[in-house]
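To keep things clear, I will list the structure first and then write my remarks on it.
The values are calculated or read from the model by the stated rules, or taken from the named source; none is laboratory data. Source: prediction; values computed, not measured. Cβ: placed from backbone, ideal geometry, glycine included. Neighbour counts: every protein chain shown.
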Amino acid sequence: MTNFITRFAPSPTGLLHLGHAYSALTAYDAAQGARGQLVLRIEDIDQTRCKAEFERAIIEDLTWLGLTWETPVRRQSDHFDDYTDALQTLRDIGAVYRCFKTRKDIADEIAHAPHLSPDGPEGPQYVGEALAAHEERSLLAEGAPFAWRLSTSRAVHTANKIAGPLKFTEEGAGPKGEHGTITATPEIFGDPVIARKDSGTSYHLASVCDDALQGVTHIIRGEDLFPATHLHRLLQVVLGLPTPIYLHHRLITDDTGKRFAKRDRAATIKALRESGQTPTGIRRRVGLP
Ligand code: GLU
């Protein structure tokens, strides 16, 4: 066996569709080709949207497609402590600050100065700052809810001291054909929320922690997640995590060129299976041998 570990990391918020099948099969084939391993991760930190029935359906669909993976499967909701520890590291190095603002507060601020917050991958590139200590103390005493935001400029400063300019290796392609050594520009996110008010973590934080904890060497996923890599590289460096290789792949679209979404019932693996399609037929349909 070689040192090649890749992963499939679905969110159980609906049934898997052809786009997921392509992603899972691409990761599985790559692991087989490299005599490596595929690990599975259920990304269910958003407990309001994720459902156990969808997790069961994911396992059923992947098994039917012919995939096998290492066990145990990692379920993020079982590991909130790991994300709290990572957040503590970010707090210790002064790379995060508490943000008590509501979405509306931020939208109002941006409406007054739109030139300060151009759009990034997750909406406006909002950059805030920590409150004065006495203001923060009184809000905390009132029990006011807050999120933790990454101070991207501080984190980049720290990362540059540790590892020099931030880069990642793309062996697949980004949406604009980006390939090879890519300069990471996490500034495109502004100061992103890294620990949400409700869950105490975020997709970005949980994902980079888990990739390291699961020993993932190759991250294979859709090109829609290419921009997130800029931020993930930054988090990996400041958290002292290993550097994986990235392979972003094209997205599977329907006949009209639109990406499949969880609401497209006809394209779900379950519906296709029930209509008599075979796993080989699904492979062919998404352009895999
Ligand atoms: N959970 C994410 C999704 O279902 C995938 C995240 C990743 O592969 O990094 O879109």
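Key figures
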quantity	calculated
Test: residue in region 101-121 that is closer than 14 Å to Arg149 by Cα and at pLDDT 95 or above	yes
Count of residues meeting criterion [buried (at least 21 other Cβ atoms within 10 Å of the Cβ) and touching a Ser or Thr at 6+ places or on another chain (Cβ under 6 Å)] in region 16-37	3
Of all residues making up region 193-210, the number that are within 15 Å of the ligand (Cβ to nearest atom) and in contact with a Leu (Cβ under 8 Å, 6 or more places away or on another chain)	5
Filtered residues of region 12-44 (kept if near the ligand (Cβ under 10 Å from one of its atoms), charged (D, E, K, R) and touching a residue at least 60 places away in the same chain (Cβ under 8 Å))	Arg41, Glu43
Number of the condition not met by Val156 [criteria: (1) buried (at least 19 other Cβ atoms within 10 Å of the Cβ); (2) closer than 27 Å to Phe54 by Cβ]	(2)
Extreme residue, surrounded by the most Cβ atoms within 10 Å (Cβ to Cβ), among residues of region 234-271 that are among the charged types (D, E, K, R) and within 13 Å of the ligand (Cβ to nearest atom)	Lys262
Selection count where residues are in a helix (DSSP H, G or I) and closer than 13 Å to Ile45 by Cβ, scope region 58-85	8
Residue in region 118-153 that is surrounded by the most Cβ atoms within 10 Å (Cβ to Cβ), counting only those that are in contact (Cβ under 8 Å) with a residue 60 or more places away in the chain and part of a loop (DSSP other than H, G, I, E, B)	Tyr126
Qualifying residue in region 46-54 (condition: more than 27 Å from Arg283 (Cβ to Cβ) and assigned to a helix (DSSP H, G or I))	yes
Looking only at region 2-11, and only at residues there that are at pLDDT 95 or above and more than 9 Å from the ligand (Cβ to nearest atom), the one that is nearest to the chain's Cα centre (by Cα)	Thr6
Every residue from region 45-69 that is free of Cβ contacts under 8 Å to residues at least 40 places away in the same chain and under 18 Å from the mean Cα position of the chain (by Cα)	Arg49, Cys50
Every residue from region 205-221 that is within 16 Å of Pro10 (Cα to Cα) and polar (S, T, N, Q)	Ser207, Gln214
Check on Leu213, among the hydrophobic types (A, V, I, L, M, F, W, C), more than 18 Å from Leu38 (Cβ to Cβ) and either more than 13 Å from the ligand (Cβ to nearest atom) or in contact (Cβ under 8 Å) with a residue 40 or more places away in the chain (or both)	no
From the options Arg56, Arg75, Arg49, Arg91, residue that is at pLDDT 95 or above, farther than 22 Å from Tyr246 by Cβ, surrounded by fewer than 21 Cβ atoms within 10 Å (Cβ to Cβ) and within 12 Å of the ligand (Cβ to nearest atom)	Arg49
Qualifying residue in region 94-117 (condition: among the aromatic types (Phe, Trp, Tyr) and in a helix (DSSP H, G or I))	no
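Let's see how each residue does on (1) loosely packed, with under 15 Cβ neighbours inside 10 Å; (2) in contact (Cβ under 8 Å) with a residue 12 or more places away in the chain; (3) under 15 Å from the mean Cα position of the chain (by Cα):
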| position | (1), (2), (3) |
| --- | --- |
| Ile194 | no, yes, yes |
| Lys197 | yes, yes, no |
| Ser202 | no, yes, yes |
| Ala206 | no, yes, yes |
| Thr217 | no, yes, no |
